[in-house]
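This report refers to the structure that appears directly beneath it.
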Amino acid sequence: MEEKIKQFEEDIFSGKTIDTNEFYQLKRDLLDSNKSKLLMKHRILEQMLEKNANDLLNRRLNLLTIWSTIFLPLSFYTGLFGMNFDDIPFLTNHHGFWIFTVLSIVTIVVMYRFFKKNKWI
């Protein structure tokens, strides 16, 4: 059993994926055999696995939040310029579409640079 725990420990530290069924079968065996030192080590490894999973989830949610924040002003611009009124800025201007496009691109670039500067991306 100790060899299996060492193998799981090496795999977790190296970032490899492990077979969770085998991992928890080992825990069941440790509980049945009442080996407290190995069980404690197994619990620590289990906490490390949970931490790694939580870190991955947090990074993905962080990225999703950043993308949502970037597209929020673009949705506002689209809603504002998509209204059915005659007095919308740039609507009657010959270059209105290009002004809107440049405004959208500038917004994306400014927000991206802001997130990069603050090391959020």
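The values are calculated or read from the model by the stated rules, or taken from the named source; none is laboratory data. This one's a predicted model, so the numbers in the text were calculated from it and none came from an experiment. We place every Cβ from the backbone using ideal geometry, glycine too, and count neighbours over all the protein chains shown.
Of a type in the set (A, V, I, L, M), touching a Pro at 6+ places or on another chain (Cβ under 8 Å) and surrounded by 11 or more Cβ atoms within 10 Å (Cβ to Cβ), is that true of MET111? Steps first, answer last, please.
Working: of a type in the set (A, V, I, L, M): yes; touching a Pro at 6+ places or on another chain (Cβ under 8 Å): yes; surrounded by 11 or more Cβ atoms within 10 Å (Cβ to Cβ): yes.
For MET111, the condition - of a type in the set (A, V, I, L, M), touching a Pro at 6+ places or on another chain (Cβ under 8 Å) and surrounded by 11 or more Cβ atoms within 10 Å (Cβ to Cβ) - is met.
Scan the stretch 56-74 residue by residue and report those that are more than 18 Å from ASN118 (Cβ to Cβ) and under 8 Å from the mean Cα position of the chain (by Cα). Walk me through how you get there before you give the answer.
Taking the stretch 56-74 as the starting set, the residues that turn out to be more than 18 Å from ASN118 (Cβ to Cβ) are 56-57, 60, 71, 74.
Selection gives LEU56, LEU57, ARG60.
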Conditions: (1) more than 30 Å from ILE121 (Cβ to Cβ); (2) in contact with a Gly (Cβ under 9 Å, 6 or more places away or on another chain). ASN52 meets all but one. Number of the miss?
-> (1)
Does the stretch 56-76 include one or more residues that are out of contact with any Ser or Thr (no Cβ under 7 Å at 6 or more places or on another chain), surrounded by 10 or more Cβ atoms within 10 Å (Cβ to Cβ), assigned to a loop (DSSP other than H, G, I, E, B) and of a type in the set (Phe, Trp, Tyr)?
-> no
What's the number of the condition TRP98 fails, among (1) under 30 Å from THR65 (Cβ atoms); (2) in a helix (DSSP H, G or I); (3) out of contact with any helix residue (DSSP H, G or I) (no Cβ under 9 Å at 6 or more places or on another chain)?
-> (1)
Is it the case that some residue within the stretch 97-104 is at pLDDT 80 or above, of a type in the set (A, V, I, L, M, F, W, C) and closer than 30 Å to LYS4 by Cα?
-> no
Residues (more than 16 Å from ALA53 (Cα to Cα) and surrounded by 13 or more Cβ atoms within 10 Å (Cβ to Cβ)) located in the stretch 10-41 = LEU26, LYS27, ASP29, LEU30, LYS35, LEU38, LEU39, LYS41
